Each structure stands twice: as C-alpha cells, then as structure tokens.
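Scroll down for the structure; my scribbles are underneath it.
The values are calculated or read from the model by the stated rules, or taken from the named source; none is laboratory data. What you see is a predicted model; the values in this text were computed from it and never measured. Here the Cβ is made from the backbone with ideal geometry for all residues, glycine too, and neighbour counts use every protein chain on show. These area figures cover heavy atoms from the full protein model, side chains too; ligands, DNA and RNA do not enter into them. Shrake-Rupley method; radii C 1.70, N 1.55, O 1.52, S 1.80 Å.
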Amino acid sequence: MRKETNTDPNFSTKTTPTAEPALLELFKDSIMDIYWAENHLVKNLPKMIAAATSGKLKSTIADHLELTNNHVSRLEKVFALLGREPLAKKCDAMEGLTKEGEEIIESTEEGTATRDVGIILTSQKVEHYEIATYGGLTQLAKTLGLDDIANLLYKTLTEEKAADELLTDVAENDINYQASTEA
C-alpha cells in the first residue's frame, strides 16, 4: 500500500469540461477504499489466527490470508488497468469490523469455542462486506465497459463467497456445538 488518503470521497457529481464521468470517479474511489480494506486485513488476519483455538478455524483463516494477499495484488492490476498508481483510501467500515473482532477477542476467554464462534461471526461480517463491495464493483466495471477489470473483480467476489461458505461449514460442523456446551 503506497499512499493513503483520508476518508472523504474523491469524486464529485459536479462536472467540468475536463472531468471524468462521475460514475467512473465513484468507481475509482471505491477501488481505493477496498484496496485499503484488503491491506488492513493482511495486517489483522494474523491476530485472528493467533486468537483462534480450533485448528480448522486457524487453517481456514490462514488460507484466507493467502487469498487476501492475492486480492491486494489483483487490485494493483486493477489500478494498472485504470492507468493509476495504487492508492488507498481509509475504509471506515473495515476498520470498524476489525475493531469489533478485536473487542470480541478481548471479551472472550482464551482457548474457548465461544471465542472461536465470535471470530467466525466477525469474519463473516467482513466477508459479507467484501461480497457486497466486490459484487457492486463488478457491476460498475461492466456498466463502464471495463470488462478486464470486471473479470478480475468477479474472481475475487467468487473467492470471498467461498470463504464465507467455509466459515459457515466450520461453525455448523463443530465449533457452534462445542460452544453451546461451555459454561
């Protein structure tokens, strides 16, 4: 992540003769936002791995960390296709979701399935945010005629959906039951 801007939008619907279309400006601003979010996850997922108890949960999050690094690289390709250097804009939503995850870790007992359930819940909130973002960005890229970019974003979208399904599987097939038996 090379640079970071503030959280204010970098687009306007006010046009000038040299302005880009507002939809393209919104799209680029949203790419900067998710670029920050993915980089933020790269830094925060190791904390979730360390806090998890279940080996299956640890490996699921570790696998997703590897994918998240690929998502960062894929977004850098998007920037290149847009003719821009990668630039991050702070994503308040992702910051809030990861902070919530840290609070769950702090408020649950180490080594418990209950903590693992909290980690899964927070992780799925992150996945749903990413699914919504990548779904919307894929559609915007198609609308803007940016088919190569749409294909890259769609690939990430499918990976985020798969990650969400894996988390559900881990929860339903083991951890939720274990947590229900804890005092």
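Here are the numbers:
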| item | result |
| --- | --- |
| Rg/Rh (Cα only; Kirkwood hydrodynamic radius) as it applies to the chain | 1.04 |
| Restricting the range 23-95 to trypsin sites (Lys or Arg not before Pro) in coil, as DSSP defines it, with at most 14 other Cβ within 10 Å | Arg84 |
| Per residue accessible area in Å² of the range 90-158, where ligands, DNA and RNA are left out and the probe is 1.4 Å | 48 |
| Most mobile of Ala62, Ala132, Ala50 in a GNM of the chain (Cα contacts under 10 Å) | Ala50 |
| Rounded accessible area of Asp169 (nearest 10 Å², 1.4 Å probe) | 70 |
| Per-bin percent of Cα-Cα distances, the range 105-160 [5 Å] | 4, 20, 19, 14, 10, 9, 9, 7, 5, 2, 0 |
| FRET efficiency estimate (nearest 0.05) - Cβ-Cβ, Leu121 to Thr158, R0 30 angstrom | 0.85 |
| Solvent-accessible surface (1.4 angstrom probe) belonging to Tyr154, in square angstrom, nearest 10 | 120 |
| Carbon and sulfur %, accessible surface of the chain computed with the full protein complex present, 1.4 Å | 52 |
| Charge sum, other residues only, whose C-beta stays under 12 Å from Met94's C-beta, Lys/Arg counted +1 and Asp/Glu -1 | -2 |
| Cα-projected label distance for Ser59 with Asn176, points at 7 Å along beta-carbon direction, nm | 2.2 |
| Share of Cα-Cα pairs in the range 81-183 lying beyond 17 Å, as whole percent | 63 |
| Summed side-chain charge close to Leu144 - residues other than Leu144 whose Cβ falls under 15 Å, Lys, Arg +1, Asp, Glu -1 | -2 |
| Crossing angle, helix 22-51 versus the chain [Cα axis fit, 0-90 degrees, rounded to tens] | 20 |
| Links that overshoot a 19 Å alpha carbon limit, given the list Lys99/Lys125; Lys28/Lys99; Lys77/Lys155; Lys28/Lys90 | Lys28/Lys99 |
| Accessible-area value, Met48, 1.4 Å probe, nucleic acids and ligands omitted, Å² | 20 |
| Accessible area, probe 1.4 Å, largest first, for residues Leu121, Leu82, Leu153 | Leu121, Leu82, Leu153 |
| Longest exposed-site-free window of the chain, the sites being GluC sites (Glu not before Pro) in a DSSP loop that have at most 10 other C-beta atoms within 10 Å | 1-108 |
| Cross-link reach list, aspartates and glutamates versus Lys89, counting only Cα pairs under 13 Å and skipping chain neighbours closer than eight places | Glu4, Asp8, Asp29, Asp33, Glu38 |
| C-alpha long axis of helix 147-170 to longest principal axis of the chain, angle in ° | 10 |
| Inter-label distance, nm, simple model (7 Å from Cα along the C-beta direction), Lys77/Glu20 | 2.0 |
| Rounded to 10°, Cα long-axis angle of helix 113-143 versus longest principal axis of the chain | 20 |
